[in-house]
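What follows is a single structure, written as structure tokens, with notes after it.
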Amino acid sequence: MSDKENQGLRDPYTMATPYNQLEFIVRRIVSEMVNTSALVRIDGCTSQGPDGPAGTVAATPLVAQTDAEGNALPMVPLPSLPHYRIQAGIAAIIMDPVPGDIGVASFCKADSSTVKPGTTEPQRPGSFRSFDQADGMLVASVSNKAPEVWIELRQDKTIVIHAPEGCTIETDKTVEIKAAEGIVLDAPQTTITGNLTATGEKGDAIGMTGTVTLDGSLTSTGDQVAGGISQTGHTHTGVEPGGGDTGKPQ
């Protein structure tokens, strides 16, 4: 026998009037049959990143039902809930749920099993059930750990992309970066695998400080100046007829 006092569902006034009795019945029906939303733990996800549309998650409700003694009862997992993805048309931010995440599941008013990925027209409900957990979907996630990779949109109108293991930008066309003041590239090594073209409207197109090492030939359609001496217009000192060497260029 348990030392706990069993807690009934009725209060001392439930049987006082016919209205109280009816209210008790209605409240019980609503609380037992109508599901609105619930916190759930993600147990698995079928999505394959950018290789397909958003899939489904298996989830377990985190707020348990209790028995008359207040003990938590084992919760039945929800095997297939469509999960949210920030997407409009063909544009999306891919951030699929992973096991261990905590999310918010919302449950539809009617049986939504007839609505499949790609459905665009209204469908008849699959059954007469209402507000059932079988018709749930993951609509949000709750932050339960500190992120290690992120895109931060700050209130000072700046954006920070933090990717400790690398960041890749892919396109079949052209990547264009526009900055009104300048671009700072701070890295110990920069590698350009293709051709480099630099054009400048004012002043020097390319300005460098420090030592520059070139492995290969250099071709220029214009003059090159090193140490103040023109490559195409310099002269030599100490020129004498015969097989002697000239002096230094100047």
Hz values of 3J(HN,Hα) by residue in segment 42-50 - Karplus curve (6.51, -1.76, 1.60), Gly and Pro given as x = 6, 9, x, 9, 8, 5, 10, x, x
remark   = Computed for segment 132-190: size of charge dipole around the Cα centre, +1 on C-beta of each Lys and Arg, -1 on C-beta of each Asp and Glu, debye to nearest 20, value 200
query = Per residue, how many Å² of accessible area does the chain show with a 1.4 Å probe?
reply = 85
Carbon plus sulfur fraction of accessible area for segment 187-236, probe 1.4 Å, in percent = 48
note = With bins of 5 Å, the percent of all Cα-Cα pairs of segment 118-169 per bin from 0 is 4, 10, 12, 14, 13, 9, 8, 12, 12, 6, 0
note = Output ordering of 17-30, 72-85 (per-residue mean of other Cβ within 10 Å, highest first) is 72-85, 17-30
Rounded to the nearest 20 debye, dipole of segment 40-185 from Cβ charges on Lys, Arg, Asp, Glu = 360
message = Run the helix sum for the chain: -39,500 (n - 2.57) per DSSP H stretch of 4+ residues, divided by residue count, reported at 222 nm to the nearest 500 deg cm²/dmol.
response = -2000 deg cm²/dmol
Cβ-based net charge around G126, under 12 Å, with every Lys or Arg adding one and every Asp or Glu removing one = 0
request  = Could you rank the peptides 34-44, 154-164 by their average count of other C-beta atoms within 10 Å per residue, with the highest value first?
outcome  = 34-44, 154-164
query = In degrees between 0 and 90, to the nearest 10, how far off the longest principal axis of the chain does helix 18-33 point, with axes built from Cα atoms?
reply = 40
message = Along the charge dipole of the chain, pointing to its positive end and built from +1/-1 on Cβ of Lys, Arg, Asp and Glu, which listed residue (Y13, L153, I86) has its Cα farthest out?
response = Y13
Binned Cα-Cα distance frequencies in the chain - 10 Å width, integer % = 5, 16, 18, 15, 12, 10, 7, 6, 5, 3, 2, 1, 0, 0
ask   = Highest mean first, what order results for 118-127, 219-228 on Cβ atoms within 10 Å?
value = 118-127, 219-228
query = Can you list the HN-Hα couplings for segment 180-192, worked out from phi with the Karplus curve (6.51, -1.76, 1.60; θ = phi - 60°), rounded to whole Hz and with x for Gly and Pro?
reply = 6, 10, x, 10, 9, 10, 10, 8, x, 8, 10, 10, 10
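The values are calculated or read from the model by the stated rules, or taken from the named source; none is laboratory data. Please read these numbers as outputs of a predicted model, since none were measured by experiment. Quick reminder, even Gly has a Cβ in these numbers, built from the backbone with ideal geometry, and neighbours come from all protein chains shown. When the accessible area is computed, the model is the full protein with side chains, heavy atoms only, and any ligands, DNA or RNA have been set aside. Shrake-Rupley method; radii C 1.70, N 1.55, O 1.52, S 1.80 Å.
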